[in-house]
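First comes the structure, then the notes that go with it.
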Amino acid sequence: ELLEAPDASAALALVQTLAAPPDLALLDIEMPGGNGVQLAAALRERGVRSVIFSTAHAEHALRAFELAALDYLLKPYTPERLAAALARVRERLAQPPAPV
């Protein structure tokens with residue numbers, strides 16, 4: 001199921017209402033109401049296993065990968081590049097979650 005939120009605070013609130021955390025969060029770096037890197041950290045604390053950034057801001061890639069982002073798509077990206085990122089998500093989800 002695809003869920004969308006208009007800004008960072010709404011995204012965090014949405015995740016908190018779910019019975020289980022989403023398998024994947026697809027985030028931009030610059031978002032209304034917050035920063036995508038900060039949101040990714042908060043989502044990881046709430047059990048989101050996979051985060052992919054889709055952004056025009058290459059300078060945040062290192063911080064994103066420090067947060068265990070699964071991929072970092074620089075805009076504009078091709079459908080093939082997105083498909084490759086989603087394939088990595090499927091591979092990760094096929095593995096048991098790492099112990100916390």
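For the reader, a short list of remarks on this structure follows.
- Within the range 54-81, the set of residues being within 24 Å of L12 (Cβ to Cβ), in contact (Cβ under 8 Å) with a residue 12 or more places away in the chain and either in a helix (DSSP H, G or I) or not hydrophobic (A, V, I, L, M, F, W, C) (or both) comprises S54, T55, H57, H60, R63, A64, D71, Y72, K75.
- Residues in the range 2-23 that are assigned to a helix (DSSP H, G or I) and either out of contact with any helix residue (DSSP H, G or I) (no Cβ under 7 Å at 6 or more places or on another chain) or under 14 Å from N35 (Cβ atoms) (or both): A8, S9, A10, A11, L12, A13, L14, Q16, T17.
- Residue match in the range 39-53 (condition: modelled with pLDDT of 90 or more, in a helix (DSSP H, G or I) and open to solvent by 100 Å² or more (accessible area, probe 1.4 Å)): yes
The values are calculated or read from the model by the stated rules, or taken from the named source; none is laboratory data. Remember, predicted model here, so these are calculated numbers, not experimental data. Every residue, glycine among them, receives a Cβ derived from its backbone with ideal geometry; neighbour counts consider all protein chains shown. SASA here: full protein model, heavy atoms, side chains in, ligands and nucleic acids out. Shrake-Rupley method; radii C 1.70, N 1.55, O 1.52, S 1.80 Å.
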